[in-house]
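Structure, as structure tokens:
What follows draws every value from the coordinates through simple rules; no lab data is involved. The model shown is predicted, which means the values in this text are computed figures rather than measured ones. Virtual Cβ from ideal backbone geometry, glycine too; neighbours counted across all protein chains shown.
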Amino acid sequence: MAFTLLPVAVSAGDLEARKNWFGDPYFQVSHDIASCPEPLGPLVTEEEALRESHHRAERGTRCHLEGRCRHPSSYDYDKGIAGRIAGAAREGRFVPQLSTLWVLVQGRRVWIYGCVPLGYRRGQLEKFLRKFEDVELAMEEVRVGAQGTIPYRLKRP
């Protein structure tokens, strides 16, 4: 009996151990589609954070060393980028009506996750996000319409 309970306890503990170890900006910009599941976003385990830390340090400083960034780390831009995106979302400048969307900013890279209505043309969000100052890369991972698979990792499976 104890052996059958062990895997459940480990996976529940793994979910609880996930957190935003690096403080990456992550926020919701719309919430019209109740059935749209929340992405995992920046939540990782401590082990995953340790594995990522070297890559993040190298990638963060390489930008400055190559003369492409004025700040010492590409991650130093993230709060400013997130603030500009959140402001544009509040003003209704880019969020499609009847959508549920989250934004993640990591090292001048922006991801937008969620669900958009039928008729949405893929790439519109990505194109708009690339226009923000200091954004190096923007990617969208969205489900179009109420049906279909979710193209991102979920917070709750």
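Can you tell me what share of the DSSP beta bridges in the range 14-157 is antiparallel? A percent to the nearest 5 is fine. Bridges in the range 14-157 are about 65 percent antiparallel. Modelled spin-label separation between A49 and A86, with each label point placed 7 Å from Cα along the Cα-to-Cβ direction: 2.0 nm. Our Cα-only numbers for the range 2-144 put the radius of gyration and Dmax at 17.3, 57 Å.
Among C69, C115, C36, the residue with the largest mean-square fluctuation in a Gaussian network model of the chain, with springs joining Cα atoms closer than 10 Å, is C69.
For the listed peptides 127-135, 78-86, 45-53, a ranking on the average number of other beta carbons within 10 Å per residue, highest first, reads 78-86, 127-135, 45-53. Residues in the range 112-124 carry Karplus couplings, in order, of 10, 10, x, 10, 10, x, 4, x, 5, 8, 3, x, 5 Hz; the curve used is 6.51 cos²θ - 1.76 cosθ + 1.60 with θ = phi - 60°, and Gly or Pro positions show x. Within the range 25-102, the ratio Rg/Rh, alpha carbon atoms throughout and Rh by Kirkwood, equals 1.07.
For the chain, the membrane-span-like helices by this rule, meaning whole DSSP H stretches whose C-alpha atoms cover at least 20 Å of axis and whose Kyte-Doolittle mean is 1.0 or above, are 2-17; this says nothing about an actual membrane. Across the range 2-144, the relative contact order, built from alpha-carbon pairs under 8 Å that are at least six residues apart, equals 25 percent. When each of the peptides 103-110, 147-154, 26-33 is scored by the mean number of other C-beta atoms lying within 10 Å of its residues, the order from highest to lowest reads 103-110, 26-33, 147-154. Derived scalar couplings between HN and Hα for the range 19-28 equal 7, 8, 4, 9, x, 5, x, 8, 7, 9 Hz in order, rounded to whole Hz, by the Karplus curve 6.51 cos²θ - 1.76 cosθ + 1.60 (θ = phi - 60°), x for Gly and Pro.
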